[in-house]
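Heads up, the thing below is written out as structure tokens.
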Amino acid sequence: QVHLVESGGGLVQPGGSLRLSCAASGSIFSRNTMGWYRQPPGKQRDLVATITSDGTTNYADSVKGRFTISRDNAKNTVYLQMNSLKPEDTAVYYCNTDPPYYLHAMRRPYWGQGTQVAVSS
């Protein structure tokens, strides 16, 4: 059984911080590159940060220097520390493998529910 459960979102003022967490089933997490994606209102879902199984990270230019992705392989959990948040960071945030985990029987990628982040004064 596969699952991705994101948490930690909320409403924060510009310049504030949030830490997102994602608990993944072992079948998804194990040895895979994990990523955080985000989908702003009315826009497409984009990949913003990735981390390989050995800890190599990569970031989209829009979040570089402000966001930090990390993972705990013992807990099958990936995190996203978000600092210096801006209104344009407002989005639903999802975690997944990179590329997204594919459900072959259903012929579509699997996504969790995501967690809403709103940055506003």
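The values are calculated or read from the model by the stated rules, or taken from the named source; none is laboratory data. Because the structure is a prediction, the values reported are computed rather than measured. All Cβ positions, even for glycine, are placed from backbone atoms using ideal geometry, and neighbour counts span all protein chains on display. Surface areas here come from the heavy atoms of the whole protein model, side chains and all, with no ligands, DNA or RNA. Shrake-Rupley method; radii C 1.70, N 1.55, O 1.52, S 1.80 Å.
Some points to look at:
- Cα point-scatterer Debye curve for the range 62-114, base-10 log of I(q)/I(0) at q = 0.16, 0.22 Å⁻¹: -0.64, -1.00
- Reachable lysines from residue 86, criterion Cα separation under 21 angstrom, eight or more residues apart if same chain: 43, 64
- Debye log10 I(q)/I(0) at q = 0.19 Å⁻¹ for the range 26-101, Cα point scatterers: -0.75
- Accessible solvent surface per residue of the chain, calculated while the other protein chains remain in place, 1.4 angstrom probe, Å²: 54
- The chain - mean residue ellipticity at 222 nm from DSSP helices (-39,500 (n - 2.57) per run, n ≥ 4, rounded to 500): -500 deg cm²/dmol
- Taking the charge dipole of the chain about its Cα centre, with +1 at Lys and Arg Cβ atoms and -1 at Asp and Glu Cβ atoms, the residue from 67, 29, 111 reaching farthest to the positive side is 111.
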